[in-house]
Amino acid sequence: MAQGQRISELELSEARLKETEKALKERQVFIESIIEGIAEPVTVINSNCEITLLNKAARQFLFGDAPPVKSLFCYACHHGKETRCDGIEIDCPTQIACESRQPVRVVHEHFRFDGEKRFLEITSSPLWSKEGTFQGIIEIARDITANKQAEEKINSLASIIETLPDALCSIDLEGNIISWNEGAEQMLGYKIEEIMGKPIAMLIPEELVQSELDHCINLLNTGGSFTGYESVRIAKNGKIVPVEMTAVAIKDRQQKIVSYASIMRDISERKKLEEQLLHAQKMEAVGQLAGGIAHDFNNILSAILGYASILQMKMKEDDPLRINVEQILTSSENAANLTKSLLTFSRKQVMNLRNVHINDIIMRIETLLLRTIGEDIELKTILADTDLMVMADSGQIELVLMNLCTNARDAMPNGGILTIKAERAALGEENIRAYSYGKPGDYALISVADTGLGMDEKTRERIFEPFFTTKGIGKGTGLGLSIVYGIIEQHDGYINVYSEEREGTTFKIYLPAVESVSERTRQSEITAPKGGAETILVAEDDAGVRELTKNVLEEFGYTVVEAVDGEDAIKAFIENRDSISLLILDVLMPKKNGVEVYEEIMKIRPEMKTIFTSGYTKDLIFKKGILEEGLNFLMKPILPTELLKKVREEIDKK
Ligand SMILES: Nc1ncnc2c1ncn2[C@@H]1O[C@H](COP(=O)(O)OP(=O)(O)OP(=O)(O)O)[C@@H](O)[C@H]1O
Ligand SMILES: [Mg+2]
């Protein structure tokens, strides 16, 4: 019995042991299957750096479908090294956890079995036995490659935005600024910390705020975006910056608008160029119009002036009607001056270009001004070095300076200082880039500065337009500066103006400097017109002008053969070939132009003397290749004295 009892106790404890063993085994299998089933790679490493366990995910990561390598060291497997890590050279979590006996978490780059680089977040924790002895490290890795790539994308986008030269700014639904890049800081001067959370309205001029915000928000709410919207923004220093904007509405997943973002580009430079171009185009158009009218008007004036002067010549000294003729002459001369001004502005005036000393012109102007500017204005003149010369029509440049000085005088009703300064100036590439005009080279720079009322920007923009004046009716015609502009253009020069309200005005004129020559130009003498008895062929299609020319010439003893167009001229010449001493040919005539007539006649009489006339400038005619340089030319309206002088000179030429 006792023995039987002992046996059954033994069996019982054996059975219990088996059960416990079984339970333990089951538990181990259970734990192993948990570890095996964890979707993230789990590795156990002993204190000798040997990998003692790899779960399925870890094996898959390291070996793919190939069987795992037996006896593997972590340094070889993870870092491709031959000896264990020293913890400094590589931020190795195994080594750190080993040394510190504390759990650590690092993000590491690892190469997968197929060579692909993955980012793993590895948590390495020390593994302790029940008795508290250190057993090694257990590591769980999480593949965060997708997060990392997204993060990198965001970072690179952020750095693009940050370094963008354009200003990027976004606002919340209340209109408060919620992002601001470096471009915005550069453009408008506010640092991000100064502007975050502030209303966008503070950057928009007060009068525009409501309408602009309403308009833009409406566009964004309905269309989601817009581009190319032009507006202005106020910089921190108060400057108004013209901008071009592109904006989008930012939506959340539910397609609800949560904020608005805009990119602004500073278009100051473009605006400046556009304005310059517009100004140039406007001046060109006005010039053409003015020139066109003046040209036709000249033909009419020629007739009025010519007949009135014939009338005057024929009248007796004491004729009571003489005063009327004189009135006609004065008025027509005024009208002729006006057309001359318009022609000057439209660059259709004939220039008498010579090498002139800038200082001579300034000195002549000084003498004139001293008499006219009044006592309360102090005149200062500063001359250039003595050999500074320009190729210019000195009469025209004097006119320029007189116009500028008259304006300066008018701008200083209570007196002030008027300074005229001439100097040599070199325009280099950098000046030219700054002003966006000009050819590099040596220039004579004449500045005319006053300490008067100055101008606001609106006035300054328009001063060169013909008939623009701020002076009262009857006080200014508004032609002064347009003449200045035309003359300077025709001299291949440049003019610009610096002016602030109440701060005075400075005009700067650049004329191309020429090599100095020692010989001074002689002034031509004025001689009284002489007549003659020769026969002259006058070919002119404008009946008024033809009639006038004929009358003037006949008045002074010449015989005139008339022709109304090119073919008529050739016919008339052939009929009178032996008696004709001189041809006066209008350049532009119907049927055959003046030059064609000239060429045909040259075949018959190669030594025939000829004077061409035209209402267009020599420049234009030469440019169009109608007339060759060196031929005689008179520009309409032709004064009788001028005509007679030229005719005599030509006939007398050997
Ligand atoms: N030095 C200056 N200071 C201030 N304003 C000026 C000056 N020069 C020109 N202006 C402005 O430019 C305008 C145009 O000048 P411009 O010489 O063309 O015509 P005007 O002087 O008004 O008339 P006009 O010269 O035909 O008698 C002037 O009316 C004036 O407003
Ligand atoms: Mg003026």
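Is it the case that the range 139-147 has a residue that's loosely packed, with under 11 Cβ neighbours inside 10 Å and modelled with pLDDT of 90 or more?
Yes: the range 139-147 contains one or more residues that are loosely packed, with under 11 Cβ neighbours inside 10 Å and modelled with pLDDT of 90 or more.
Check whether at least one residue in the range 190-208 is part of a loop (DSSP other than H, G, I, E, B), outside the structural domain of Leu220 (by TED's automatic domain parsing) and either farther than 30 Å from Phe61 by Cβ or not hydroxyl-bearing (Ser, Thr, Tyr) (or both), and report yes or no.
no
Output the number of the condition that Ser156 fails; it satisfies all remaining conditions of (1) within 58 Å of the chain's Cα centre (by Cα); (2) in the same structural domain as Leu54 (by TED's automatic domain parsing).
In the conditions (1) within 58 Å of the chain's Cα centre (by Cα); (2) in the same structural domain as Leu54 (by TED's automatic domain parsing), Ser156 misses (2) alone.
How do the pairs read when you match residues in the range 203-221 that are over 11 Å from Arg233 (Cα atoms) with residues anywhere that are assigned to a loop (DSSP other than H, G, I, E, B) and modelled with pLDDT of 90 or more, using Cβ under 8 Å and keeping only pairs 6 or more apart or on different chains?
Glu212/Ile204; Leu213/Gly175; Leu213/Ile204
Could you tell me whether Leu418 is surrounded by 21 or more Cβ atoms within 10 Å (Cβ to Cβ) and either modelled with pLDDT under 90 or within 16 Å of ligand 1 (Cβ to nearest atom) (or both)?
Spelling it out, Leu418 is indeed surrounded by 21 or more Cβ atoms within 10 Å (Cβ to Cβ) and either modelled with pLDDT under 90 or within 16 Å of ligand 1 (Cβ to nearest atom) (or both).
Go through (1) among the hydrophobic types (A, V, I, L, M, F, W, C); (2) within 12 Å of ligand 1 (Cβ to nearest atom); (3) under 21 Å from Leu479 (Cβ atoms) and name the single condition Ile365 misses.
All conditions are met except number (2).
Which of the following residues is in a strand (DSSP E or B), within 16 Å of Ser170 (Cα to Cα) and more than 28 Å from the chain's Cα centre (by Cα): Val243, Val258?
Checking each option against the conditions leaves just Val258.
Check Leu338, Leu369, Leu342 and return the single one that is under 23 Å from Gln396 (Cβ atoms), touching a Cys at 6+ places or on another chain (Cβ under 9 Å) and in a helix (DSSP H, G or I).
Answer to the check: Leu369.
So, of the residues in the range 455-470 that are more than 6 Å from ligand 1 (Cβ to nearest atom) and touching a residue at least 24 places away in the same chain (Cβ under 8 Å), which turns out to be nearest to Val356 (Cα to Cα)?
Result: Phe464.
Ser124 is checked against (1) in a helix (DSSP H, G or I); (2) at pLDDT 90 or above and fails just one. What number does that condition carry?
The failed condition is (1).
I want to confirm something. Restricting to the range 153-186 and keeping residues that are of a type in the set (A, V, I, L, M) and touching a residue at least 60 places away in the same chain (Cβ under 8 Å), which single residue is farthest from Ile200 (Cα to Cα)?
Applying the filter and picking the extreme gives Leu164.
Take the residues of the range 404-423 that are within 16 Å of ligand 2 (Cβ to nearest atom) and over 13 Å from Ser447 (Cα atoms): which is farthest from the chain's Cα centre (by Cα)?
Pro413
Give the residues of the range 64-103 that are surrounded by 16 or more Cβ atoms within 10 Å (Cβ to Cβ) and under 25 Å from Gly37 (Cβ atoms), sorted by residue number.
The answer is Leu72, Cys74, Cys77, His78, Pro93, Thr94, Ala97.
Out of the residues in the range 473-511 meeting the condition of being polar (S, T, N, Q) and closer than 13 Å to Arg460 by Cβ, tell me which one is farthest from ligand 1 (Cβ to nearest atom).
Selected residue: Asn496.
Restricting the search to the range 529-587, which residues are in contact with an Asp or Glu (Cβ under 8 Å, 6 or more places away or on another chain) and hydroxyl-bearing (Ser, Thr, Tyr)?
The answer is Thr549, Tyr558, Thr559, Ser581.
Give the range 200-220 a look and list any residue that's closer than 18 Å to Ile257 by Cα and at pLDDT 90 or above, or say none.
Ile200, Leu213, Asp214, His215, Cys216, Ile217, Asn218, Leu220
Might you let me know whether the range 439-454 holds any residue that is outside any strand (DSSP E or B), at pLDDT 90 or above, touching a Lys or Arg at 6+ places or on another chain (Cβ under 6 Å) and within 16 Å of ligand 1 (Cβ to nearest atom)?
Yes.
The values are calculated or read from the model by the stated rules, or taken from the named source; none is laboratory data. What you see is a predicted model; the values in this text were computed from it and never measured. When we count neighbours, we look across all protein chains shown, and the Cβ atoms used for this are built from the backbone with ideal geometry, even at glycine.
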